[in-house]
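Everything below concerns the one structure shown next.
The values are calculated or read from the model by the stated rules, or taken from the named source; none is laboratory data. All of these numbers come straight from a predicted model, not from anything done at the bench. Don't worry about glycine lacking a Cβ; one is built from the backbone with ideal geometry, like all the others, and counts go over all protein chains shown. Accessible surface areas use protein heavy atoms only, side chains included; no ligands, DNA or RNA. Shrake-Rupley method; radii C 1.70, N 1.55, O 1.52, S 1.80 Å.
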Amino acid sequence: MTLQIWTPEQQVLKAKTDKIIAEAVNGFFCLMPRHIDFLAELVPGILSYTLEGEESFLAVDRGILVKCGHEVMVSSRNVIVGESLEKLQQQVQEEFQKAEQKEQEISIAMNQLEADFIRRFVEMREQRTGIIQ
């Protein structure tokens with residue numbers, strides 16, 4: 001089978017594989033070359049694929065997996081490729097820390113925008129009514 005992994009920005013992976021293991025909303029599943037065509041909604045987790053006995057791993061955010069013939073395509077918002085489970089775990093933790101930091105920065109910016117909006121609204125009211133509080 002040919003496995004293709006896509007994010008909105010790019011193709012992350014294109015590889016030959018003998019077996020794919022992933023998790024859908026209703027549990028884990030395994031795809032082999034003769035498996036019937038298949039569609040699954042993926043949950044955040046680990047997707048593994050095997051070629052000639054060598055297993056590789058990806059961390060996948062929510063996504064869709066489609067198997068049609070010998071083509072398996074996965075589309076996800078975010079994918080992290082790891083050489084081993086240990087390295088993948090470290091990479092995922094680093095990505096979570098970056099996302100958390102970015103979320104905090106966005107929250108601070110939103111608070112500043114909100115405060116500025118309120119201040120300007122009060123200034124407009126004062127100018128319009130001539131009342132200073």
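Computed quantities for the displayed model
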item: Where the chain is the region considered: accessible area per residue in Å², 1.4 Å probe; result: 73
item: Local net charge near residue 1, Cβ-Cβ under 9 Å (Lys/Arg +1, Asp/Glu -1); result: +1
item: Difference of contour (0.36 nm per residue) and Cα-Cα distance, residue 85 to residue 120; result: 7.4 nm
item: Prolate/oblate/rounded call for the stretch 47-108, Cα gyration tensor, a/c under 1.5 rounded; result: oblate
item: Overall form of the stretch 1-99 per C-alpha gyration tensor (a/c, 1.5; a/b vs b/c); result: prolate
item: Rounded to the nearest 20 debye, dipole of the chain from Cβ charges on Lys, Arg, Asp, Glu; result: 420
item: Mean separation of Cα contacts under 8 Å, 6 or more apart, over the residue count of the chain: relative contact order %; result: 19
item: Contour excess over end-to-end distance, with Cα ends at residue 98 and residue 23 and 0.36 nm allotted per residue; result: 24.5 nm
item: Degrees between helix 85-129 axis and first principal axis of the chain (Cα, 0 to 90, nearest 10); result: 20
item: Projected label distance in nm at residue 16 and residue 55, using a 7 Å step from Cα toward the beta-carbon; result: 2.2
item: Segments 51-59, 105-113 sorted - mean Cβ within 10 Å per residue, highest first; result: 51-59, 105-113
